[in-house]
1. Of 254, 47, 271, whose Cα points farthest to the positive end of the dipole of the chain (charges on the beta-carbon: +1 Lys, Arg; -1 Asp, Glu; origin at the Cα centre)?
2. Between residue 92 and residue 193, what is 0.36 nm times their sequence separation minus the Cα-Cα distance? Round to one decimal in nm.
3. Taking the Cα atoms only, what angle lies between the long axis of helix 134-145 and the longest principal axis of the chain, rounded to 10 degrees?
4. Straight-line reach from residue 31: which aspartates and glutamates have a Cα under 12 Å away, not including same-chain ones fewer than 8 places off?
5. Does anyone have the angle between helix 165-177 and the longest principal axis of the chain? Alpha-carbon axes, 0 to 90°, nearest 10?
6. Using modelled backbone amide H atoms (1.01 Å from N, in-plane), which distant-in-sequence or interchain residues come within less than 5 Å of residue 153's amide H?
7. Could you give the dipole magnitude of the chain about its Cα centre, charging the beta-carbon of Lys and Arg +1 and that of Asp and Glu -1, in debye to the nearest 20?
8. Sorted by average packing, counted as other Cβ atoms within 10 angstrom per residue and highest first, what order do 244-254, 218-228, 60-70 take?
Amino acid sequence: YSAKRAGGNNFAFYHPDMSRDIERATFLQGKLEHALQHGLLRVHYQPIIALRHSQARRMQGAEALLRWDDSEWGWISPSEFIPLAEARGMIHRVGDWTLSEVCRQIRRWKDAALSPNGRISVNISAQQIERVDFVDHISRLVRNAGIAPADLELELTERVLIKNPQAAWQVGQELSARGFLLSIDDFGTHYSSLEQLQRIPAQKLKLDMVFIRDMLKSPKHFKLVQSIIRMAHSMQMRTVAEGVENVQQALALAEMGCNQAQGFLFSRALAADELADHWLMPAFSRTQH
Ligand code: C2E
Ligand code: MG
Ligand code: MG
Ligand code: MG
């Protein structure tokens, strides 16, 4: 299939699949617009679990993950609609909605005397932190919801550090000065330098699940996981393993000193009510007995 045969001034490497992709993206954009306006997005929460033997299986926080169930197309993955929202100028509205919803949910749990026992992590896109008033903006959302910055942990992907190291550093400093906690998400997949990593005031490093998936099959990956954990600890960062699916992985990670884990072994992401039923504790249980 060539542009010449198709005739006209078509892009030389045009392929029929591309037009299908663009078509889907355009439909999806319209659907996402509709979903935003009609409140059809949801936030689910995946527990983050302590790996230390003494506290094993205790929830120490949860990650907020967007969920979108379209009436026509069914479940649409954030891996598809987040990049689309980024490309089509919608990420600020999606991000704002998510942040406000998470803040409101934390407030609802507190009002019900439930404690998430740890912080709720929220994923932040590069474009969000590039916004000049991002720090004021998020501070306002948190204040309006009646919660504290320390109730939240902001996940920045390693990609953010590379794309705009200056902004990442500046915003990182300001956020951390206001009491927000930061973590580096998907670590190991984007080649940030140790220099960049060391400049960001992050408390946590999340190892991407590709490493966890292969760590027991490949000695190379095993050693890589081991050295990332050591390196993070030497930089005073705690470590979280993503995508832990079996007990063997959890045991190996605990052995390596990895602090926390998240994955289907413990729980998938749950609706706020389900999380409350299975994982949240009464806010004052520790002082009551
Ligand atoms: P992420 O931030 O790295 O989130 C972890 C992803 O791993 C989630 O996928 C989660 O469901 C999945 N996961 C957790 N445990 C396991 C496991 O044991 N096995 C496997 N196979 N997967 C596991 P999800 O929810 O599909 O989200 C994909 C990505 O979309 C997220 O990756 C994040 O980059 C992005 N995303 C989701 N919600 C938001 C949001 O509110 N804002 C932004 N900017 N990005 C978001
Ligand atoms: Mg994340
Ligand atoms: Mg991640
Ligand atoms: Mg990931």
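The values are calculated or read from the model by the stated rules, or taken from the named source; none is laboratory data. Since the structure is predicted, the reported quantities are computational estimates derived from the model, not experimental observations. Glycine gets a Cβ as well: all are built from the backbone with ideal geometry, and neighbour counts include every protein chain shown. The area values use the complete protein model at the heavy-atom level, side chains included, leaving out ligands, DNA and RNA. Shrake-Rupley method; radii C 1.70, N 1.55, O 1.52, S 1.80 Å.
1. 254
2. Values: separation 101, 0.36 × 101 = 36.36 nm, distance 2.77 nm.
Difference between extended and current length: 33.6 nm.
3. Between helix and principal axis, roughly 60 degrees.
4. 69, 70, 72
5. 30 degrees
6. Counting only residues 5 or more places away or on other chains, the set is 120, 121, 122.
7. My answer is approximately 540 debye.
8. Details: 244-254: 17.4, 218-228: 14.8, 60-70: 19.9.
So the peptides 244-254, 218-228, 60-70, ranked by packing, come out 60-70, 244-254, 218-228.
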